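Worksheet for the structure shown next.
The values are calculated or read from the model by the stated rules, or taken from the named source; none is laboratory data. Remember, it's a predicted structure, so these values are computed and weren't measured experimentally. Positions of Cβ are generated from backbone atoms using ideal geometry, with glycine treated the same way; all protein chains shown enter the neighbour counts. Note: accessible area is taken over every heavy atom of the protein model, side chains too, but ligands, DNA and RNA are not part of it. Shrake-Rupley method; radii C 1.70, N 1.55, O 1.52, S 1.80 Å.
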Amino acid sequence: MHEYGVVMHWSGADESFVAEAPELPGCMAHGETREAALRNVQNAIELWIETARELGEPVPRPGD
């Protein structure tokens with residue numbers, strides 16, 4: 001598992017929690033609970049990294 005920071009907030013418009021990995025542009029997910037949003041963003045992080053590698057794009061190291 002990768003150790004990227006995650007920022008979470010409640011979206012009243014979507015009526016769900018939104019979790020974002022700011023070090024990975026555009027990498028975010030939502031969920032009905034904080035726990036669900038966190039699980040979903042962890043999956044999104046894995047997919048973001050996999051896609052970047054397939055495309056030959058750089059993958060930021062956590063904390064950079």
Pairs under 9 Å by beta carbon, first residue over 10 Å from residue 60 (Cβ atoms) and open to solvent by 80 Å² or more (accessible area, probe 1.4 Å) in the range 18-36, partner at pLDDT 95 or above and in a loop (DSSP other than H, G, I, E, B), six or more apart or different chains?
28/21; 32/15
When you look at residue 53, is it surrounded by fewer than 18 Cβ atoms within 10 Å (Cβ to Cβ) and in a loop (DSSP other than H, G, I, E, B), yes or no?
no
Restricting attention to the range 28-64, which residues are under 10 Å from residue 6 (Cα atoms) and not aliphatic (A, V, I, L, M)?
42
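Which ones in the range 1-16 are more than 9 Å from the chain's Cα centre (by Cα) and either under 16 Å from residue 61 (Cα atoms) or open to solvent by less than 40 Å² (accessible area, probe 1.4 Å) (or both)? Give the derivation first.
Our first condition is that a residue be more than 9 Å from the chain's Cα centre (by Cα); within the range 1-16, this holds for 1-3, 8-16.
Of everything in the range 1-16, those that are more than 9 Å from the chain's Cα centre (by Cα) and either under 16 Å from residue 61 (Cα atoms) or open to solvent by less than 40 Å² (accessible area, probe 1.4 Å) (or both) turn out to be 1, 2, 3, 11, 16.
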Exactly one of 59, 41 is at pLDDT 95 or above and surrounded by fewer than 17 Cβ atoms within 10 Å (Cβ to Cβ), and that residue is 59
